[in-house]
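Written below as structure tokens is the structure these notes are about.
No value in this document is a laboratory result; all are computed from the given coordinates. Not measured: the values here are computed from a predicted model. Backbone-built Cβ (ideal geometry, glycine too); neighbour counts: all protein chains shown.
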Amino acid sequence: MEATPVAVRPASEEDRVPLALLFAAVAEERDGIATEPPVDIDARAARWTLDGTLVAVADAEIVGSIHVGVNRFGFGEIGMTVAREWRSRGVGTALLSAAIDWSREQELHKLSLDVFPHNAAALALYRKFGFVEEGYRIKQIRRQSGELWDVIEMGLLL
């Protein structure tokens, strides 16, 4: 089977609803991101910060996104989502590589992120790019079920 090419580009205004739909789909899984359903698609689309957001596109469909929130102290905080059927196909690698390049162009000195300890694929991806553990927050995130989940803080000096 031939691989479908994935292109990474900056998000645009017409990407708001597809980005919100992708975010909602990942939230439905209840294990990779802190947000849980229900996600108000219209509200999420309206408040999406496009500056610093890159999208992965395959066959004219957004299959992943990464956002670099630029902090006034010169570092960026990242969050990434990849559609379930596109995981382990290089989308996360393409997005993270593009985000690092974008961050260097913005003259950021560091990238930071939070990840759940059970998200082995994400941890492996971040480590592949040189991110290191900088902290461990015990019982940081309260889930709708009442469970309290730990969070690993990671960083990459640029």
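A few comments on the model shown:
- Note on ARG16, ARG87: ascending count of other Cβ atoms within 10 Å places them as ARG87, ARG16, the fewest first.
- Full-extension gain in nm, ARG9 to ALA34, via 0.36 nm per residue minus C-alpha separation: 6.5 nm
- Space enclosed by the convex hull of the alpha-carbon atoms of the chain, per residue, Å³: 120
- Charge sum, other residues only, whose C-beta stays under 9 Å from GLN144's C-beta, Lys/Arg counted +1 and Asp/Glu -1: +1
- Amide H contacts under 5 Å for GLY79, placed H, 5+ residues apart: HIS67, GLY69
- Virtual spin-label span in nm between ALA60 and LEU158, 7 Å along Cα→Cβ: 3.3
- Total formal charge among the other residues, if their Cβ is under 10 angstrom from that of GLY74, Lys/Arg +1 and Asp/Glu -1: +1
- Added length on full extension, which subtracts the Cα-Cα distance from 0.36 nm per residue, ASP101 to ARG137: 10.1 nm
- Mean-position separation - Cα centroids, region 1-70 and region 90-158, in angstrom: 17
- Close amide H pairs (under 5 Å, H built 1.01 Å from N) link LYS110 with GLY76, LEU158, residues at least 5 positions away or on another chain.
- Candidates VAL91, VAL63, VAL17: whichever shows maximal mean-square fluctuation once the chain is modelled as a Gaussian network with Cα springs under 10 Å: VAL17
- Nitroxide proxy distance, nm - points 7 Å out along Cα→Cβ at ARG72 and ASN119: 2.7
- Per-residue [θ]222 nm for the chain (sum of -39500 (n - 2.57) over DSSP H runs n ≥ 4, rounded to 500): -8500 deg cm²/dmol
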